[in-house]
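Working notes, structure below.
The values are calculated or read from the model by the stated rules, or taken from the named source; none is laboratory data. Since this is a predicted model, take the numbers as computed values, not measurements. So basically every Cβ, Gly included, is an ideal-geometry build from the backbone, and we count neighbours across all protein chains shown.
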Amino acid sequence: MKNDFTAILKDIQQTIASFSEGLILFDEALKKYHTYKEKTLEIKSQPQYENYILNVLATHNAENFSLFSAIVAYTARNNQTSILLYHGPDVFVQPLYSLCNNTFFSSPPRFVLDYTVQQNVIQNFSLHSSSLFHSEKLSIAFIAISSSTFFSRESFLRYAAHIKVFTSLLSISDIISLDVPNTTLKYIHQVCSKLLTRGSCSLYGIYIISPFSTLSHYGLHSLNEVSALIKNTLIENFGQYSFALSMNLYLCINTNTQADIKSLTFNYRNISIPSKIYHTVIETEADIIPAIIRILHFH
């Protein structure tokens, strides 16, 4: 199903590119959009991207003539840039790593990038940025790249505000959990290694069943409240090492290898939100990564 949405988004991006370059007329573009809408309605009853923020980035690309949307972070301690999440062609990843340095995050500018699409062919791309979080230790920005004159700066800033509200309740340690393949996995690995010095430890994957369909009519703020409620409940049940990997998936670590918790039900405004729990015990360093991977795919 996720591949179905990805295919539709790619078709939409191609239509945007064709229309902005004058290859198709407005009526033809509108007809294509109606076709995409019908395809989306056919599969709307199924869940979209499990990661809510990634879904927002993909939607921004589709609706705002953008080729590439990303959340990029800069850590001052080690002078390191990380692309936490992105949606769009991989060809823009390396140029972003080159551009998004300390100077960039100190005063994020608006760039025009020259990028070689084909040999001897240069295409101009505008780069837009908006700060999501800034401190002496960590800076995070929402970034979009477009080649279209139809790109809307106002729409871009609305999406930035939306993402900022979504992440505002998170601490710095929570914010880095957006980067599941890199920063968070490294930190989780460190926690497991530390606990293994005392003996075996447990990893729990907690999958929240359909939070969007259950609570979507309450709005974004309620989803934020639910995420905070879930996180606090998990800390109470499993201890301090509880991580939000997405709105659907959480990971907890502790040294209680005898726990037999099969599920938890979270209550929000008298609405019961069910969950499923995957539990595994790790005994050696070699067990850590395979266990985490199983949890990342648990649903």
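Can you find a residue that is in contact with a helix residue (DSSP H, G or I) (Cβ under 6 Å, 6 or more places away or on another chain) and at pLDDT below 85 anywhere in the range 117-129? Reasoning before the result, please.
Taking the range 117-129 first, the residues in contact with a helix residue (DSSP H, G or I) (Cβ under 6 Å, 6 or more places away or on another chain) are 128.
Subset that is at pLDDT below 85: none.
Looking through the range 117-129, none of the residues is in contact with a helix residue (DSSP H, G or I) (Cβ under 6 Å, 6 or more places away or on another chain) and at pLDDT below 85.
Looking at the range 87-102 only, could you name the residues that are out of contact with any strand residue (DSSP E or B) (no Cβ under 8 Å at 6 or more places or on another chain) and small (G, A, S)? Result: S98, single match. Here the range 245-265 is the region considered, the condition is being more than 27 Å from the chain's Cα centre (by Cα) and of a type outside the set (G, A, S), and the residue that is nearest to I209 (Cα to Cα) is K262.
Can you find a residue that is charged (D, E, K, R), part of a helix (DSSP H, G or I) and surrounded by 13 or more Cβ atoms within 10 Å (Cβ to Cβ) anywhere in the range 268-277? Before you say what the answer is, go through the steps one by one.
Looking only at the range 268-277, we keep the residues that are charged (D, E, K, R), and these are 269, 276.
Okay, now just the ones that are also part of a helix (DSSP H, G or I), so none.
No.
Of all residues in the range 123-145, those that are of a type in the set (K, R) have Cβ atoms under 8 Å from Cβ atoms of residues that are in a strand (DSSP E or B), 6 or more apart or on another chain, in K137/T75.
One residue stands out in the range 267-286 among those that are modelled with pLDDT under 90 and more than 23 Å from the chain's Cα centre (by Cα): the one that is nearest to N237 (Cα to Cα), namely N267.
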